[in-house]
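Each remark here refers to the structure printed beneath this line.
The values are calculated or read from the model by the stated rules, or taken from the named source; none is laboratory data. Please read these numbers as outputs of a predicted model, since none were measured by experiment. Backbone-built Cβ (ideal geometry, glycine too); neighbour counts: all protein chains shown.
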């Protein structure tokens, strides 16, 4: 008898097999891809595209070489000092005060929609009905409210709210709604749409949304450029928003620039009023002195005496003018409140620089207070710096006054020394020159202030925008969202990954046997045949002159059996078994016996599964007959009385299992089963034993020694891999000998050889009906 040796099979990754599993499921992959692409197409069809709108600003750098009367233009705010200042402007562009103006001017707190069947389309231009919020009941609690224009008749309309109901109103008249008071206007020349929706928002909420949507970037700091962008569904609306933002930003810059110039103007006007009064008084005093003393021209009389003091007098006038300005400036600096100080008055450069820094920091502090409170850490820090700079200004004024006073004292001493040299000049000359000196001083100061007032007026009239608009707001034609190509690619990938994940999990947990490859990977035992899967309407028995797939499969099995059966004169005994019930053991037994029985040798089928006999299912008249059980427990039973000839094949006889006994193990082990085999061995060429499943009961092991070969049946798609290990164990323990596998119920798409073909050959027979294309696809 043939001895089969088992070997341990190493687990290796068969890439071709793995890929083949998924390729076999290609209709599912195609189906899911189509489904996901359709879903993506529906999403693209009904999603609202988002477009990016951009505008570009350019800033000019401050000029540092301005001299003379135009020196004050350096403080107009025209241009920025460096790139760091440009970075600080990023926050200014998207600041709440500017965005609040944008929302107010464009009425962005009211949105208009045309309601469609699936999606709503926002309107910005060609709006049939416009609305404006007059007042809010409680702005802090109000977020938004949506209304539908339900009906329009002439000058009347009806607004519908899902929660509050209907509101009746008239165009161009106040209408009180649940959140406040509004007014609606009808746009001439624009037809009214049947489905029209108006959404009212809290302006603060729209400002918050704009803060998130508006993006400000610096593409090139050295080039002093700034890009402002926004993404929205309505390009016209986005362009209007960006244009209004740049407009409000420039207006804010002009306002800051003019603030300091206006304060300087007020200071000069006040000083001119004082100097005008002083100059008028000096001129009146001079006129009165000339009238009383009948003085016409003291110049000729005192020319020689005053020649020596001329230069000193000029210097003294300049110093006194400086002292007067310093006194006035000291008065302003001594005030308790923080106010802007006049600058560019021709004082000492260090003092002018300190005043300029003080004014600049004070303006920044005031702008910050618009968006913050006095308790803000930045404001507190600025207040400290302002106080420190004010002390520095005061100290500089005191130092300058001390220096000017010392210079005046020195000049007066020199003039007094010169005056002693002209004692002969009448005393009137001395008094007259004093009056002229005061007159000249006041005139110079008056002319100086007039000049500064004109320069400041020029500054106020120059309305140069803070930033130049290089590119007005424009919208890209290609939407930034949704990205059609990316979404379609994602849909295809999801359509492939989704079924892949499902099949991966399925294959991961699937431990069933499908083909001979699954068996040969786990054992060295041979596989003799693949029995094809049968439908209910197909014949389950091999008929005479049968060319079906079933018949051809069993012819292959018979041919392969000849290579493992021993050569002997008596009948060759073939035992057919399986691990569990339902694997097709009886089907194989019956058809094997029908195939083996022919004119050259008869075959006998013995139903040895006396616990659950199944052979009678294939009998045309399944009546209760005597069988193996009666023979095993009744010694008087004659074998000839049990043998019946098959109606399907006259060369095949059958011994049924008979009655179901209470003690099958005792009956099979009493020795009479072997005696039965010996009795019939000489009459038949082949004996086929239909035994009981091995994993459920041990009955088969009692009769296994009578078999020359054992066919172990497994069912494709039902039997698990662990059953192969169970069969290997039986062979290793020598409980079964000369074992080979038969795979039952193999589908056409199973791995291995499979049954992807018909067995018609040249005979022209085919058991498979022609299927439609869609049936072939989903059969896979």
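Residue 247 fails exactly one of the following numbered conditions: (1) touching a helix residue (DSSP H, G or I) at 6+ places or on another chain (Cβ under 8 Å); (2) assigned to a helix (DSSP H, G or I). What is the number of that condition?
Condition (1) is where residue 247 drops out.
Name the residues in the stretch 215-232 that are buried (at least 16 other Cβ atoms within 10 Å of the Cβ) and assigned to a loop (DSSP other than H, G, I, E, B), would you?
218, 224
Can you spot a residue in the stretch 120-136 that is within 31 Å of the chain's Cα centre (by Cα), buried (at least 18 other Cβ atoms within 10 Å of the Cβ), assigned to a loop (DSSP other than H, G, I, E, B) and at pLDDT below 90?
Yes, because at least one residue in the stretch 120-136 is within 31 Å of the chain's Cα centre (by Cα), buried (at least 18 other Cβ atoms within 10 Å of the Cβ), assigned to a loop (DSSP other than H, G, I, E, B) and at pLDDT below 90.
Considering each residue of the stretch 349-378, count those that are part of a helix (DSSP H, G or I) and under 17 Å from residue 92 (Cβ atoms), and give that number.
Adding up the residues that qualify gives 10.
Quick test for you: out of 270, 247, pick the one residue that is surrounded by fewer than 19 Cβ atoms within 10 Å (Cβ to Cβ) and not assigned by TED's automatic domain parsing to the domain that holds residue 450.
It is 247.
Those residues that are in contact (Cβ under 8 Å) with a residue 12 or more places away in the chain and not in a strand (DSSP E or B), I need them from the stretch 139-162; list them, please.
Correct list: 139, 142, 143, 155, 162.
So that you can scan it fast, the table gives a plain yes or no per residue for (1) crowded, with 17+ Cβ neighbours inside 10 Å; (2) part of a loop (DSSP other than H, G, I, E, B):
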{"residue": "542", "(1), (2)": "yes, yes"}
{"residue": "560", "(1), (2)": "no, no"}
{"residue": "567", "(1), (2)": "no, yes"}
{"residue": "575", "(1), (2)": "yes, no"}
{"residue": "592", "(1), (2)": "yes, no"}
{"residue": "605", "(1), (2)": "yes, no"}
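Would you check if there is a residue in the stretch 498-511 being under 20 Å from residue 718 (Cα atoms), in contact with a strand residue (DSSP E or B) (Cβ under 9 Å, 6 or more places away or on another chain) and touching a residue at least 60 places away in the same chain (Cβ under 8 Å)?
yes
Can you spot a residue in the stretch 315-326 that is within 30 Å of residue 94 (Cα to Cα) and either modelled with pLDDT of 75 or more or assigned to a loop (DSSP other than H, G, I, E, B) (or both)?
No, the stretch 315-326 contains no residue that is within 30 Å of residue 94 (Cα to Cα) and either modelled with pLDDT of 75 or more or assigned to a loop (DSSP other than H, G, I, E, B) (or both).
Would you check if residue 197 is under 30 Å from residue 138 (Cβ atoms) and either modelled with pLDDT under 90 or in contact with a strand residue (DSSP E or B) (Cβ under 6 Å, 6 or more places away or on another chain) (or both)?
When the stated conditions are applied, residue 197 passes them.
Which one of the conditions (1) out of contact with any strand residue (DSSP E or B) (no Cβ under 8 Å at 6 or more places or on another chain); (2) without any contact (Cβ under 8 Å) to a residue 60 or more places away in the chain does residue 495 fail to meet, given that it meets all the rest?
So the condition that residue 495 fails would be (2).
Please go through the stretch 164-184 and give me each residue that is in contact with a strand residue (DSSP E or B) (Cβ under 9 Å, 6 or more places away or on another chain) and loosely packed, with under 13 Cβ neighbours inside 10 Å, ordered by number.
Selection gives 166, 168, 172, 173, 174.
If a residue has to be assigned to a helix (DSSP H, G or I) and closer than 19 Å to residue 450 by Cα to count, how many in the stretch 328-347 make the cut?
Residues that pass the stated criteria total 2.
Would you confirm, using the coordinates I've provided, whether residue 536 is in contact with a strand residue (DSSP E or B) (Cβ under 6 Å, 6 or more places away or on another chain), outside any helix (DSSP H, G or I) and closer than 30 Å to residue 719 by Cβ?
Considered against the rule, which asks whether it is in contact with a strand residue (DSSP E or B) (Cβ under 6 Å, 6 or more places away or on another chain), outside any helix (DSSP H, G or I) and closer than 30 Å to residue 719 by Cβ, residue 536 comes out as no.
Given the conditions (1) out of contact with any strand residue (DSSP E or B) (no Cβ under 7 Å at 6 or more places or on another chain); (2) surrounded by 13 or more Cβ atoms within 10 Å (Cβ to Cβ); (3) in a loop (DSSP other than H, G, I, E, B); (4) modelled with pLDDT of 85 or more, report the number of the one that residue 522 does not fulfil.
(4)
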